[in-house]
Amino acid sequence: MNAMTRLPLALALLATLALGACSSNPASSGAAPLPEIAGKGVEIDKRWSASVGDGADNEFLSLEPAVEAPAVYAASRDGVIKSIGRASGALRWKARLTTGITGGVAVDGDILAVGTDQSDLLVLRSKDGSPVWRAPLGASLLSVPRITATDVIVQTLDGRIQVFARDTGQPRWKFDTPVPPLSLRGNAAPVASGDKLFAVSGQGDLYQLDLKNGLPVWQTRVTSSRGRGELERLMDIDGDLVLDSNGTLYTAGYQSQLTATDTQQVRRRWQINVSTTQSVAFDGAHVYAVDADGSLAAINKITGAVVWLQDGLKGRKLLAPVIWRGLVVVGDSDGWLHVFSPRDGAPRGRKRAAGAPLMSVVVDAPQLLTLSVEGRLAAWDLKP
């Protein structure tokens, strides 16, 4: 089964999962009652909000806003891109593409990059949204592009990694990773560090590539299927790779494992079973991961031992956790923001951020940004 013929079954599975998760009635979706706030909770205030097109337009997308002073850049499936003032929420500029948007947004200095529904990579000027260059990719881009001082890097749905010259869009090199016969519709964005590029295949292989020429330096297995039936064996790594300052890279997959890999010595530090389509977050002590069942776990960064497990959100579809103002925050499919203590997982606060499922939660210190599937972008802060 090739990359094209594998999609309908994966989409059907995702639709089944999403319909159960996105119900606005927690009881009908099997969600547990919201846990009570422990002690003196924190309160979240809205600073501003703005509309960004049609949002996800009923598709399974994760269009993530990008931040670089003085603006937030956000996009919608129907081709709208907006530059919005970080402090005020005021519109700086708006661009409407003739094509839809499926991946992004990435911004770095004078450019921003998105993936279009015509399987193109589109680079625009960050000052006004005018086009700089466009490059055909040959397959859909659903993840966020990576931009360095010299390159724009993408990994498309067919597993191919492609690198383009930042200034001109000239193709530099490409590298194909294997795609399993059955997988979810998505892929993890690679991560660049100096002259190294780390990327993962849908079947669980982690690669270090030479960013200058695309040649593989090493390859190691970071996850494997835990099931016996065809659907039980379905696995994929869709959450973006996360690299800490010590060279430890964290990968987490659906129906597979969360793995910490020492990229300097090319060895596995630890691995635990987890099933997630989301990225992880970390602080000085812990790695935080959500499971597909709606639980949130803190894992010791050194040993891989579970420090605490918060299951008060079971039955809710959770987004990737983020660390904000020293707290752990997750968004859910009912539009809620949930705040937990990093020490013991106790609930510290919550806020209904949108009347629709949240698509992404991004930290823009000191504020927090949320984008709903209906295209509502909002900035939040803690009440003094």
Checklist line | Hits in the range 310-334 (condition: modelled with pLDDT under 95 and on the phi > 0 side of the Ramachandran plot) | finding: 315
Checklist line | Residue check, residue 262 of a type in the set (D, E, K, R) and farther than 26 Å from residue 32 by Cα | finding: yes
Margin query: Can you list residue pairs whose Cβ atoms sit under 6 Å apart, with the first residue in the range 362-384 being outside any strand (DSSP E or B) and the second being among the β-branched types (Val, Ile, Thr)? Count only pairs 6 or more apart in sequence or on different chains.
Written below: 375/52
Check: Which one of these does residue 230 not meet: (1) closer than 23 Å to residue 192 by Cα; (2) at pLDDT below 95; (3) of a type outside the set (A, V, I, L, M, F, W, C)?
Finding: (1)
Next item on the list: Tally the residues that are part of a loop (DSSP other than H, G, I, E, B) and either buried (at least 23 other Cβ atoms within 10 Å of the Cβ) or not acidic (Asp, Glu) (or both), restricting the search to the range 115-134.
Entry: 6
Margin query: Which count do you get for residues in the range 84-93 that are part of a strand (DSSP E or B) and either polar (S, T, N, Q) or closer than 20 Å to residue 62 by Cα (or both)?
Written below: 1
Notebook entry, point to check: If you take the residues in the range 185-212 that are buried (at least 24 other Cβ atoms within 10 Å of the Cβ) and modelled with pLDDT under 90, which one is farthest from the chain's Cα centre (by Cα)?
Noted result: 202
Next item on the list: Being within 16 Å of the chain's Cα centre (by Cα) and charged (D, E, K, R) is the filter; apply it to the range 288-320 and report the residue that is surrounded by the most Cβ atoms within 10 Å (Cβ to Cβ).
Entry: 317
Next item on the list: Can you work out which of the residues in the range 321-334 that are surrounded by 22 or more Cβ atoms within 10 Å (Cβ to Cβ) and out of contact with any strand residue (DSSP E or B) (no Cβ under 7 Å at 6 or more places or on another chain) is nearest to residue 287 (Cα to Cα)?
Entry: 333
Notebook entry, point to check: Where in the range 237-286 are the strands (runs of 3 or more DSSP E), entirely inside, with at least 1 residues that are in contact (Cβ under 8 Å) with a residue 60 or more places away in the chain and touching a His at 6+ places or on another chain (Cβ under 9 Å)?
Noted result: none
Next item on the list: Mind listing whichever residues of the range 51-64 are under 12 Å from residue 81 (Cα atoms) and either surrounded by fewer than 18 Cβ atoms within 10 Å (Cβ to Cβ) or of a type in the set (Gly, Ala, Ser) (or both)?
Entry: 51, 53, 54, 55
Check: Does residue 104 satisfy being under 18 Å from the mean Cα position of the chain (by Cα), at pLDDT below 95, crowded, with 21+ Cβ neighbours inside 10 Å and outside any loop (DSSP other than H, G, I, E, B)?
Finding: yes
Item checked: Condition met for residue 215 (surrounded by 22 or more Cβ atoms within 10 Å (Cβ to Cβ) and modelled with pLDDT of 85 or more) -> no
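Let's see how each residue does on (1) polar (S, T, N, Q); (2) over 21 Å from residue 197 (Cα atoms):
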position: 83; (1), (2): yes, yes
position: 87; (1), (2): no, yes
position: 91; (1), (2): no, yes
position: 103; (1), (2): no, no
position: 110; (1), (2): no, yes
position: 118; (1), (2): yes, yes
position: 121; (1), (2): no, no
position: 145; (1), (2): no, no
position: 151; (1), (2): no, no
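The values are calculated or read from the model by the stated rules, or taken from the named source; none is laboratory data. Source: prediction; values computed, not measured. In this analysis, Cβ positions are derived from the backbone assuming ideal geometry, glycine residues included, and neighbour counts consider all displayed protein chains.
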